[in-house]
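Chemist: This is the structure I want to talk about, given as structure tokens.
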Amino acid sequence: MGRRGAREPGGPCRRKARGPGGELGPRKCFNGAVDTWNRFALGGLAAAALCTGCEPQARRQVRWLELLQVRPAASEGLFLNETLTLDFSHPIDPASVTSESVRIVDEAGRRARGEYRVDKARILFRPDPVLGPQLTDGGLRPGTRYTALVQGFPAPDGLRGRDGRPLAQSVSWEFETARLTEPRGQMFVDHTPLFGLRLHPGEGLATVRDDPRVVLFCEEPVDPSTLRAEDFRFQTPGGERIDLEARLLANHDHLVVRGGRALRTAAEIELVPLAELSLGVHSLRMAPDMELLDFGGNRVQPYSGVIEVDVGETAGTLVQDFLEREANTRPVPGADGTAAWGGGRVTIRFPRAAGNGQDGEVALPAGDWTAKDLHATSLTVPAGRTCRLGAPGLVVLRAQGRLDIAGSLVREVGEARGLMVEEGERLSTWLARAQREDPPWTVIVAGGDLVVSGRIEVDGPLLLVAGGWLRVASRPRAAENELWILGEGGGLALPSTASTVALELDPPTVNPLRTQLTYAVLSDPIPEAGSVARWGRASVSGRENLGRFRVRYVREEDLPLGGTLADWEPRDDPRLVRPLGRLRLLVELMVGPADSGPGADRRWSPPIVDGVRLSWLRPAEQVR
């Protein structure tokens with residue numbers, strides 16, 4: 001990355017793009033993509049504006065992020081479940097993708113509902129699934145014209161690259177979704193056009209008398225307009241038939257936990273009896289001539305057997321599959337780092353660059369510190385101390401576990417060139433190269449949480465890295481536009497000029513730990529609303545690998561600040577949590593040094609938790 005000037009937008013430049021004399025290499029103009037953009041109503045003027053003032057290739061500087069293409073190419077007839085893909089010239093900073101920087105609205109100004117996801121130099125918009133038979137409740141509505149807008153320079157909240165460069169200018173285009181016709185044409189993309197997969201029940205089907213819902217599963221999405229309640233026959237223990245209401249709960253590829261296993265599914269069909277049920281075992285059958293269809297018009301095969309549904313007491317159930325990160329960011333007392341939650345699991349994200357821990361536990365002293373590369377197991381700057389980093393060139397402070405700056409860490413290097421990386425480069429590779437070149441940069445790497453409650457002041461480039469979470473409570477200072485971060489979290493004290501560095505946080509291949517580390521994470525309250533009269537037994541699935549894990553349960557109400565984990569009174573069984581009520585999952589992962597004996601497995605393979613199932617009874621007055 002090259003140093004960013006105070007007056008011009010942009011960010012770090014690719015190191016390999018620099019010529020022998022330090023000048024940046026050529027950048028292609030956008031003329032070759034004008035025809036593609038015209039199909040999205042971008043217009044020749046919009047495309048040409050990006051190339052206005054193009055200098056000779058040898059003199060051009062790559063300072064801007066550019067939108068290269070939008071897919072699908074057609075501007076009319078987009079399917080209701082079709083993913084919109086935006087390809088850019090450089091990797092995107094996920095933090096810059098907001099409801100303002102990228103938005104899709106219809107002619108009435110209503111936003112298209114769905115999920116925006118960043119994949120390197122690509123942004124994908126996946127519309128919310130269609131669930132209703134009229135096909136009008138999804139993220140995209142049929143026969144509707146939408147305007148898509150991507151904010152660029154000079155908008156202060158515009159899209160930017162991971163290296164800080166802004167989108168050259170705001171871009172907008174229009175598209176229209178497929179129209180409902182009679183007879184009806186194709187409205188959905190079918191990703192499995194040759195299959196009509198089986199509809200089947202969950203394992204251990206049970207429901208409750210006052211909340212008698214039954215959920216069935218299908219391995220692929222279904223056409224909501226073909227779901228009919230009369231295709232299901234529900235009978236009481238005495239053989240009396242009860243009418244049902246059928247509706248879709250989900251209609252896109254996702255994971256559910258059944259029988260302690262995480263399984264891929266798509267459609268979830270909820271059946272609700274329209275009469276009061278008695279206690280006992282009921283039966284559910286599917287009509288053999290069921291006309292439920294998938295997105296391609298293929299018939300979904302019904303379950304041919306009898307499904308037994310045990311109607312019991314009032315209850316609730318949660319299956320936590322860790323697919324999406326919850327909002328709770330509270331640190332767990334005594335943990336070295338915050339566990340990584342997302343992608344269907346909770347695990348440890350430990351950076352190889354956190355070092356080998358050969359220097360043990362270190363508390364930096366007051367006064368000068370002249371070491372250039374510190375490998376600690378844990379590292380602190382105690383409150384009240386001011387430590388001055390006096391070594392020339394690159395200075396790296398590493399800790400395998402928690403790194404806590406409660407005092408002051410200062411450094412003066414004078415004028416320094418900006419931080420530079422190659423796109424997609426691994427952190428450990430970049431750090432080894434930086435050590436060879438030895439520029440006056442300051443790099444702080446924590447394998448666990450990096451906690452800044454004190455003061456960091458350097459006048460050159462500063463990079464903060466955490467395998468756990470960055471927890472910054474006091475504003476760090478670095479050279480202008482040269483404060484960089486890598487890792488989850490941050491804090492309100494981080495200035496708006498802090499940017500995410502375009503490096504991959506790569507794990508070690510061999511276990512480097514010199515002491516045991518504990519990573520932990522706390523869930524949001526369970527259940528989201530309502531009270532609990534009694535908790536049932538919980539089940540947990542995961543893999544211990546070369547460490548171990550445990551899931552415990554703590555009360556939701558007023559967890560004390562500070563103190564120890566014992567003050568939270570965690571319990572191994574949710575039925576033991578007191579006072580009775582809502583609770584939180586406490587997921588803990590422990591990993592330590594590799595066994596040094598003959599034949600020891602020294603691979604880096606941290607533990608993983610991939611599913612938790614909870615059930616509870618609710619007070620009768622809160623049901624329905």
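Coordinate-derived values only; no laboratory data. As the structure is a prediction and not an experimental result, all values here were calculated from the model. With ideal geometry, Cβ positions are generated from the backbone for all residues, glycine too; neighbour counts draw on all protein chains shown.
Chemist: Within the stretch 394-483, which GluC sites (Glu not before Pro) sit in a loop by DSSP and count at most 13 neighbouring Cβ atoms inside 10 Å?
Modeler: Here the sparse-neighbourhood loop sites are E412, E415, E480.
Chemist: As a footprinting exposure proxy, order Y553, Y146, Y519 by other Cβ within 10 Å, with the fewest listed first.
Modeler: Details: Y553 24, Y146 20, Y519 31.
Taking fewest neighbouring Cβ atoms as first place, the list is Y146, Y553, Y519.
Chemist: For the stretch 376-441, which semi-axes, largest first and in whole Å, follow from the square roots of 5 times the eigenvalues of its Cα gyration tensor?
Modeler: Taking √(5λ) for each Cα gyration eigenvalue gives 24, 17, 9 Å.
Chemist: Could you tally the net charge around I92, taking each other residue with its Cβ under 14 Å from the Cβ of I92, Lys/Arg +1 and Asp/Glu -1?
Modeler: Once all neighbours under 14 Å are counted, the net charge is 0.
Chemist: Which order do D524, D163 fall in if you start with the one that has the fewest other Cβ atoms within 10 Å?
Modeler: Numbers: D524 13, D163 26.
In increasing order of surrounding Cβ atoms, one gets D524, D163.
Chemist: Expected output is a single nm value to one decimal: the length gained when fully extending between S531 and T329, i.e. 0.36 nm times separation in residues minus the C-alpha distance. What is it?
Modeler: Going from the current span to full extension adds 70.4 nm.
Chemist: Once R0 is set to 22 Å, what does the formula 1/(1 + (r/R0)^6) return for the Cβ-Cβ distance between T226 and A275, expressed as a FRET efficiency to the nearest 0.05?
Modeler: It comes out at approximately 0.30.
Chemist: Let me ask you something else. Subtract the Cα-Cα distance of D595 and T497 from 0.36 nm times their separation in residues, and report this length gain in nm to one decimal. All intermediate terms of the calculation are to be shown ahead of the outcome.
Modeler: Values: separation 98, 0.36 × 98 = 35.28 nm, distance 4.43 nm.
That works out to 30.8 nm of additional length.
Chemist: Which three extents, in whole angstrom, do the alpha-carbon atoms of the stretch 52-182 cover along their principal axes, largest first?
Modeler: Per principal axis, max minus min of the Cα coordinates gives 58, 27, 24 Å.
Chemist: So which trypsin sites (Lys or Arg not before Pro) in the stretch 524-556 pass both tests, a DSSP loop state and at most 13 other Cβ atoms within 10 Å of the Cβ?
Modeler: Those satisfying the criteria are R537.
Chemist: Mind pulling the per residue volume of the convex hull built on the Cα atoms of the stretch 304-428? Å³ is fine. Show your work: numbers first, answer last.
Modeler: On the way: hull volume 28.3 nm³, N = 125.
With only Cα atoms used, the stretch 304-428 gives 226 Å³ per residue.
Chemist: Suppose the chain between R117 and L576 were pulled fully straight at 0.36 nm per residue; how much longer would it get relative to their current alpha carbon spacing?
Modeler: Length gained between R117 and L576: 161.3 nm.
Chemist: Also, I was wondering about something else. State whether the stretch 352-504 is rounded, prolate or oblate according to the following rule on the C-alpha gyration tensor (a ≥ b ≥ c being the square roots of its eigenvalues): a/c under 1.5 gives rounded; otherwise a/b larger than b/c gives prolate, and the remaining case gives oblate.
Modeler: Verdict is rounded for the stretch 352-504.
Chemist: Within a 10 angstrom radius of the beta carbon, how do L279, L419, L216 rank from fewest other beta carbons to most?
Modeler: On the way: L279 12, L419 30, L216 22.
Lowest count first: L279, L216, L419.
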